[in-house]
Amino acid sequence: MAYPYKKMDTADFYYIISVTEPSRVKIGEEISEEFYHDEMPNYGSYPPELYVEVTSEEEISKIMAYCNEHNIPLVVRGAGTGLAGGSSCKYGGVMLSVMRMNKIYPVDHKNQTITCEPGALLIDVQKEALAEGLFYPPDPGEKYASIGGNVITNAGGMKAVRYGLTRDFVRCIRAVLPDGSIEQFSSNVVKNTTGYSIKDLVIGSEGTLCIVTQVTLKLLPAPKYSATLVIPFESLEACADMVPHVLALPYVPTAIEFLERELLDIVERTLDRRLPVKEGNAVLLVMYDSTTPQELDGAIEVCAHASFREGAIDVFVADTPDRIAQVWAVRGGILEGMKADSVMQEECDVVVPRSAIAEYVKAAKRIALSHGIRVEPCGHCGDGNIHTEMLRGPEMSDEEWEAATSACLKELYALSKSLGGQLSGEHGIGNGRLEYFKEFVGDRIIELHKAIKLAFDPNLVLNPGKVVEFNS
Ligand SMILES: Cc1cc2nc3c(=O)[nH]c(=O)nc-3n(C[C@H](O)[C@H](O)[C@H](O)COP(=O)(O)OP(=O)(O)OC[C@H]3O[C@@H](n4cnc5c(N)ncnc54)[C@H](O)[C@@H]3O)c2cc1C
C-alpha cells in the first residue's frame, strides 16, 4: 500500500457522493485553487482530486475507512490558515473540509469547559466563553482559524507567556483514526495518568495521526482588567535586552512582543495602522491582565520604572479597550503588511530559551544581511519564539531568492540549536520544513516519528509526506 497511491476514479467519486451529498463534493477542476495550498503557497501547491465538506463524524469515518481500504490519500482541511504547508494534498486524493462541523455546545460551568466541533472558529469559541464570564486564553494571531486546526497544530500565540499553549487547555479529543474507527483520548478530567498520554501526542500532530471531530477545552475566569504598555527603545538590542527584565518583575505578563521601526513603517504604509508612539527604532509591547485594578496599577508602575531604568525612551499605557485594540491591530497586521510589501516571504519560526533572545535576534540580523536578505525579526519574544521573516524584493531572481533563503535558514536553525532552541516554536513542520527537520533532530528522532506514524496509520493514507516523509 501507500506509494504510489491509487488515482481516484468514478467509482471512488460516487462512493463519497453516496455517503455525503452531491452539493458538498467537488471534483477535479471544480475545486478552487485556494485549496491547493495553505497560507504559504511556496511550501507546495497541489490540486486535490476530490474536495468534500463533511457534516458529521460518521461521514468522516466512512470516507476515511474507504480511503484506507483503497489506498487513497486524505488530507483534512480546517480554515487553511496554516503556515507550514500542512493542509495541502501533496499526493492528490481527497481533501476533507471539516468547516461545516462548527457546533459549539453550551459552556459546562461545573467543569469550566467548553466542547466544540472542529470547524468552530477560534473567535467564536472565545466569544462564547466570554459571554459566560469565562475565558479561553490561547490567542494565536489568526482568529478565523478552526479550533480543530488550533488543537492539531498546538497553536501558540501572544498570550502563551502567561497562559501556555493550546495543549494546556485541551481536556479531551474525539477523533477518527486512519482505519475509520472512532476513539476518544482522555475525558473531561483535570488529570490523567491512565497509560501513555495519547491525547498529547495527537495535539500538534499536524493532521498526520487522526482526524479531530470534537474537542473539550478548559476555560478560566475572565480577567477583568487589562493594559498594554508600548515602550520604545533606541535600538533593537536594547529592546530585546529588556525582555528578561520584564520577566523578572513580580507580575507575570500576559504577552511580550517586539516590533522594529521598519516593520512598523510597513504596517503603517500598507494598512494605515500605527502605534501611539513615533519614537524609537524598536518597540516592546507588554500586556498585563489582572483581577483587580490595584494589581494592574502595580504591574504598570514596576514595568514602567524598570523600562526607564533600562533606557526606554518613553512608556505609553494603553488602558482603554479602543487603545488596546489599536495597539494590537498593528501587531496583528504584520503578516498582511509584509505580504503587501514584498514579492514573496519565507519564515523562520525558531524558539530559543528566553535567556538567549537578545543573542539570537542580534545574530539573526547579521546572518540574514550576509546573505543579502531583507529580514524582519519580530514576534513572541516573551516565550523566545522569534519569527524571523525574510522578505523578497522585486530585484531578486527565483534562483537568487531560493539559494539565499535556503542558506540563511540553515544558518538560523544552526544558530537556534547552538543556543539550545528548537526549529519550530508554533507553526510546525508540515511540508515546508521537512528537509531541515531531519537535519535538526537527527536520524533516531526521525525513526521514532516514523514508528509513531505507522502505529496510527500503517497504510500512510492520512496527510502523507507531512512531518515525516517515507517516500525518499
Ligand atoms: C495571520 C496569521 C497569524 C497566525 N498566528 C499564529 C500564532 O500566533 N500562533 C500559531 O501557533 N499559529 C498562528 N498562525 C497559523 C495558523 O493560524 C494555525 O496553524 C492554525 O491553528 C491553523 O488552523 P486552520 O483551521 O487554519 O488549519 P489548516 O491550515 O486548515 O490545517 C493545518 C493542519 O491541521 C490539519 N487539520 C486541520 N483540522 C484538522 C482536524 N480537524 N483534524 C485533523 N487534522 C486537522 C491539516 O491537515 C493541516 O495539517 C497564524 C496564521 C496566520 C495566517
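Every number here is computed from the coordinates shown, using simple stated rules; none is lab data. These numbers come from a predicted model, not from an experiment. Using ideal geometry, Cβ is built from the backbone for each residue, glycine included, and neighbour counts are taken over all protein chains shown.
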Requested in this report: Could you pull out the pairs from LYS62/LYS90; LYS7/LYS199; LYS143/LYS191 whose alpha carbons sit more than 25 Å apart here?
Outcome: LYS7/LYS199; LYS143/LYS191
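Are any of the pairs LYS159/LYS362; LYS417/LYS453; LYS159/LYS218 more than 18 Å apart by Cα-Cα distance, and if so, which?
Long pairs (Cα-Cα over 18 Å): LYS159/LYS362; LYS417/LYS453.
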Requested in this report: Pick out, from VAL343, GLY379, ALA403, the residue whose Cα sits farthest towards the positive end of the charge dipole of the chain, with +1 on the Cβ of Lys and Arg and -1 on the Cβ of Asp and Glu.
Outcome: GLY379
Requested in this report: Give me the distance in nm between label points sitting 7 Å out from Cα along the Cα-to-Cβ direction at THR291 and SER472, one decimal.
Outcome: 5.0 nm
Query raised in the report: ALA407 versus LYS6, label points 7 Å from Cα toward the beta carbon: distance in nm?
Result: 4.8 nm
Query raised in the report: So how much slack lies between SER226 and ALA414, counting 0.36 nm per residue of separation and subtracting their Cα-Cα distance, in nm?
Result: 63.9 nm
Report task. Treating cross-link reach as a plain straight distance, find the aspartates and glutamates whose alpha-carbon is under 14 Å from the alpha-carbon of LYS110, omitting any fewer than eight places away in the same chain. Result -> GLU132
Query raised in the report: Treating the beta-carbon of each Lys and Arg as +1 and of each Asp and Glu as -1, no other charges, what is the dipole magnitude of region 113-221 about its Cα centre, to the nearest 20 debye?
Result: 340 debye
Query raised in the report: For region 342-436, what does the alpha-carbon gyration tensor say about shape, rounded, prolate or oblate, given a ≥ b ≥ c as the root eigenvalues, a/c under 1.5 as rounded, and a/b over b/c as prolate?
Result: prolate
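Over region 89-176, what is the relative contact order in whole percent, taking alpha-carbon pairs under 8 Å and six or more residues apart?
Answer for region 89-176 is 21 percent.
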Query raised in the report: Straight-line reach from LYS450: which aspartates and glutamates have a Cα under 16 Å away, not including same-chain ones fewer than 8 places off?
Result: GLU206, GLU435, GLU439, GLU469
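Determine the relative contact order of region 225-334: mean sequence separation of Cα pairs under 8 Å and six or more apart, normalised by residue count, in whole percent.
It rounds to 45 percent for region 225-334.
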**Report entry** Point-charge dipole on Cβ atoms (K/R +1, D/E -1) for region 10-100, about Cα centre, debye to 20
**Finding:** 120 debye
Query raised in the report: For ARG323 and VAL277 in one chain, what is 0.36 nm times their gap in residues minus the Cα-Cα distance, to one decimal in nm?
Result: 15.4 nm
Query - Value of relative contact order over the chain, rounded to a whole percent, pairs C-alpha under 8 Å and six or more apart - result: 15 percent
